[in-house]
Amino acid sequence: MLGGLLPAGTEVCELFADPDDVTSVLYPEEAALVAGAVDKRRREFAAVRLCARTALARLGVAPAPILPGERGAPGWPDGIVGSMTHCDGYRGAVVARRASVVSIGVDAEPDGPLPEGIEESVMLPEERATLARLAAHRPDVSWDRLMFSAKESVYKAWFPLTGRWLDFSECVIDFDADRGTLTGTLLVPGPVVDGERLGRFSGRWGVRGGAQGQGHVATVVAVTPR
């Protein structure tokens, strides 16, 4: 699902079903973090790390624990950037060497409308107007879910560069429905990358259909060397 959305220099691994023994892949220090969690949480925590270690191996990086740091951001090996995502029926991880990609955020969501009340809490008025325009042009896409996903991906790319929270109201998302691209325009000062202050993030989006309506939407936001 993510492969066609990623910039050059990245490696990706995805799962659409968990191996039966997926929790066995956890290192002791990882397992300790979810020891008291329900089975669903333990399995998704393990499966997305299985994806991450598989993608890292494709870069030639030795396996190691991937522990959450500040605000839950994954702790990657030195010189590596990456992002992980999971939802019902999907787990995925993307990694790259920092020389190729400065920061990256990925997010996948079930392909369907957002739960009631979420749209009002995460979207700005201009974004809700954008949703109405896009829905008229491409009614086959769950634009509200895709908007939420894009905001998640922007945050995942933003945080490693700033170490700061980015509120939903501090970035305006827009989509190009025909080209499959997205932009996130910051309403707060952006990070400085290679001497240039970023005012926006850019990325791509996609939709993958599934049996019995079990499809997914996904977004990727990447910052590459200037």
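Give me the log10 of I(q) over I(0) for segment 1-121 at q = 0.14, 0.15, 0.20 Å⁻¹, as the Debye formula computes it from C-alpha points; what are the numbers? Each listed q maps to, in turn, -0.61, -0.70, -1.16. Note that segment 125-183 shows a convex hull volume over its alpha carbon atoms of 72 Å³ per residue.
Working note: Cα atoms of segment 76-140, range along each principal axis, descending, whole Å: 43, 27, 24. Note on the chain: GNM, Cα springs under 10 Å; of G92, G105, G72, the largest mean-square fluctuation is that of G72. Rolling a 1.4 Å probe over the heavy atoms of the protein chains gives segment 142-226 an accessible area of 45 Å² per residue. What segment 1-77 shows is 51 Å² of accessible area per residue, with the surface traced by a 1.4 Å probe over protein heavy atoms. Projecting the Cα atoms of V22, M1, A37 onto the dipole axis of segment 1-103, where Lys and Arg carry +1 and Asp and Glu carry -1 at the beta carbon, places M1 farthest toward the positive end. With pairing defined as another cysteine C-beta under 4.7 Å, the cysteines of the chain that fail it are C87, C171.
Sorting the segments 142-148, 120-126 by their mean number of nearby beta carbons within 10 angstrom, highest to lowest, gives 142-148, 120-126.
Remark: segment 19-123 carries a charge dipole of roughly 600 debye about the Cα centre, counting +1 on each Lys and Arg Cβ and -1 on each Asp and Glu Cβ. Taking only Cα atoms and a 10 Å spring cutoff, compute GNM fluctuations for the chain and point out the largest among A55, A32, A177. Largest GNM mean-square fluctuation: A32.
Suppose the Debye formula is applied to equal point scatterers at every Cα of the chain; what is log10 I(q)/I(0) at q = 0.11, 0.16 Å⁻¹? Result of the Debye calculation: -0.54, -1.15. Relative to the Cα centre, the charge distribution of the chain, modelled as +1 at Lys and Arg Cβ and -1 at Asp and Glu Cβ, gives a dipole magnitude of about 580 debye.
For segment 163-226, the pair-distance distribution built from all alpha carbon pairs, in bins 5 Å wide starting at 0, is 4, 14, 21, 21, 17, 12, 6, 4, 2, 0 percent. Give me the percent of accessible area attributable to carbon and sulfur for segment 1-160, probe 1.4 angstrom. Carbon with sulfur: 54 percent of the solvent-accessible area. Between the alpha-carbon centres of segment 1-25 and segment 134-164 there is a gap of 20 Å. In the chain, a dipole from Cβ-located charges (positive for Lys and Arg, negative for Asp and Glu) runs towards its positive end, and of P77, W205, V172 it is P77 whose Cα lies farthest in that direction. Taken about its Cα centre, segment 1-57 carries a charge dipole of about 120 debye when Lys and Arg each add +1 at the Cβ and Asp and Glu each add -1 at the Cβ.
With contacts taken as Cα pairs under 8 Å at a separation of at least 6 residues, the chain carries a relative contact order of 21 percent. Just so you know, the Cα atoms of segment 44-109 work out to an Rg and Dmax of 11.2, 33 Å.
The values are calculated or read from the model by the stated rules, or taken from the named source; none is laboratory data. Just so we're clear, the structure is a prediction, and the values are computed from it rather than from any experiment. Using ideal geometry, Cβ is built from the backbone for each residue, glycine included, and neighbour counts are taken over all protein chains shown. To get the accessible areas, we keep the full protein, side chains included, count just its heavy atoms, and leave off ligands, DNA and RNA. Shrake-Rupley method; radii C 1.70, N 1.55, O 1.52, S 1.80 Å.
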